[in-house]
1. Quote to one decimal, in nm, the extra length available between residue A:251 and residue A:31 on full extension: 0.36 nm per residue of separation minus the C-alpha distance between them.
2. Under a GNM of chain B (C-alpha, springs under 10 Å), which listed residue has the highest mean-square fluctuation: B:58, B:43, B:107?
3. Over segment A:81-184, with every protein chain in place, what whole percent of the accessible area is carbon and sulfur at 1.4 Å, could you tell me?
4. Provide the buried accessible surface between chains B and A in square angstrom, both chains summed, 1.4 Å probe, rounded to the nearest 100.
5. Counting each DSSP H run of 4 or more residues in chain B as -39500 (n - 2.57), what helix-only mean residue ellipticity at 222 nm follows after dividing by all residues, to the nearest 500 deg cm²/dmol?
6. Grab the beta carbon distance between residue A:275 and residue A:200, set R0 = 56 Å, and tell me the FRET efficiency rounded to 0.05.
7. Gap in Å between the Cα centre of segment A:14-51 and the Cα centre of segment B:147-170?
8. At 222 nm, what helix-only mean residue ellipticity would chain A give, in deg cm²/dmol to the nearest 500, using -39500 (n - 2.57) for each DSSP H run of four or more?
Amino acid sequence: MSRWLTQHAQAFSLALRKLAATPWNALSSIAAMGIAFSLPAGGYVLLENATALSSRIDSAPQLSLFLDPDAAKADVAQIESRLKEHPQVKSYEFVPKDKALARLKESAGVADVVESLGRNPLPDAFVVQAKSPSADVLEGLRKEMTGWPKAEYVQLDSAWAKRLEALLRVGRIAVLVLAALLAFALVTAIFNTIRLQILTQRDEIEVAKMVGATGGFIRRPFLYYGALQGLAGGTAAWGIVAAALWVLNGALGELGRLYAINIHLAHLSPGDSLSLFGFAAWLGWLGAWMSVGRHLSQVEPQ
Amino acid sequence: MISFSQVCKRYPGGHEALRNLAFTVQDREMVIVTGHSGAGKSTLLKLIAAIERPTSGTVIVNGQNVGAMRASAIPYLRRNLGLVFQDQKLLFDRTVLDNVLLPLQVTGHDRRDAGKRARAALDKVGLLARERSKPITLSGGEQQRLCIARAIVNRPSILLADEPTASLDAAYAGEIMEIFRSFNQVGVTVLIATHDESMVERLRPRVLHLDHGALGA
Ligand SMILES: Nc1ncnc2c1ncn2[C@@H]1O[C@H](COP(=O)(O)OP(=O)(O)O)[C@@H](O)[C@H]1O
Ligand SMILES: [Mg+2]
């Protein structure tokens, strides 16, 4: 067991020394990998933030029915009775214009704007919960209500959330495709790096085989090297995303102060960060493993 | 013990390097394989170390059929062999001591113990004073002795040397042969391939004479 550990420690430190022996080569390929991987990682981070944002928004099947500003009490009563009897309506709430204005004043930032208006610009409205979340039913309901007397405008509140959801799905696929392509590129890059290393260390490998080195002993430093390089690339990607978020959050903070809203983009969660590091290390290991399997057998003592 | 029976070796291309070879080398024996250039001396040693495999016949080393050995078992065979081969590769990017340490790292020796052993091996070939030098600064004879130190540091039971005195002048060659004799005297089986007949006169060992791949009288 301790011999096994010693051999792994030796292979690991050998791989580290190899990286350190050509620091500029190592740094430039790590930077290239980091930049490449920061694209899908950054895309993923933005998607996660957008998803978190969209889930904060109530996605219940809800419509807002805004009345004509000149609608009378009787008109309101008529619409209310229609809603009461409608088989697709689960519940509804009447929001008179005064209450709407009061709510608006409560939300931070806009109070001053509202105050400066002088008179209430808001219409009376009904907030309607439909029984079915189906998009078709909601759309039918919206069309029907739009035709009611004194109904000025009916808005499907979940529509934009749905559109966002669809957009996020496309975004996720794009990130996946990008990640897969770059993963392939990384594996290829490590494959070639290791091939070159094997070529330049021909003598050493031959001698090691002559004195009884096992396949594992010879493979190990290359595998560690690949994994380390992949890990370093993943870490660089993480750092690049962190830096980009820092800059973006600075800008968003500025914007937020102007509109009195609070938007903060979060970095990868600890779990996702670990996954990134693990995946990058695994890719490096895979590239090295494929290269070693392909090229080591060609080096035999003569 | 090394035992060949009905061993033939045909290289790809059709050239028959060894023909129907049969002989046995006992433990602690010292044997010199002689013969003209191209007689098959190197091929014979390579079969013992599983660098080449016989086309037919069996090669038994320490009770193991080397010709039919799985690739994963070959490293463990080689740890019992000390190989001093032609165009021997010293690693010029590291010190004399590190060259000798390599076989011990391969077998996973404890670091401190490995250092002691490597210095003892260098001492036996008279290179202890040069442990920190780079091999490139050694003379031809010293480089050959370094190869020997590397071959014996794992305390192999069998030492195989292919033309160990080629390109050395007579004085150096004599030193090298003395080193081999001293190992043989402490119980190591030694097989040396050489076309240099003066070795035979000096050591009076058992001789296997190869002529076009076959054993002569
Ligand atoms: N790898 C090889 N491929 C083809 N022929 C070889 C190879 N190695 C040796 N031979 C041939 O086998 C014969 C014996 O070679 P070798 O064992 O090196 O002889 P020696 O060491 O006695 O000079 C020679 O004719 C040589 O050309
Ligand atoms: Mg030869």
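1. Values: separation 220, 0.36 × 220 = 79.20 nm, distance 2.55 nm.
Taking 0.36 nm per residue and subtracting the Cα distance, the gain is 76.6 nm.
2. Comparing B:58, B:43, B:107 in a Gaussian network model of chain B, the most mobile one is B:107.
3. Details: 4090 of 6660 Å².
The value for segment A:81-184 is 61 percent carbon and sulfur by accessible area.
4. Details: alone 10450 and 17930 Å², together 26580 Å².
Summed over both sides, the interface buries about 1800 Å².
5. Working: 7 runs with 73 residues, N = 217.
Per the formula, -10000 deg cm²/dmol.
6. On the way: r = 34 Å, r/R0 = 0.60.
Calculated value: 0.95.
7. What the calculation gives is 48 Å, centre to centre.
8. -25000 deg cm²/dmol
The values are calculated or read from the model by the stated rules, or taken from the named source; none is laboratory data. Model, not experiment: these values are computed from the prediction. Backbone-built Cβ (ideal geometry, glycine too); neighbour counts: all protein chains shown. Side chains included, ligands, DNA and RNA excluded: accessible areas come from the protein's heavy atoms. Shrake-Rupley method; radii C 1.70, N 1.55, O 1.52, S 1.80 Å.
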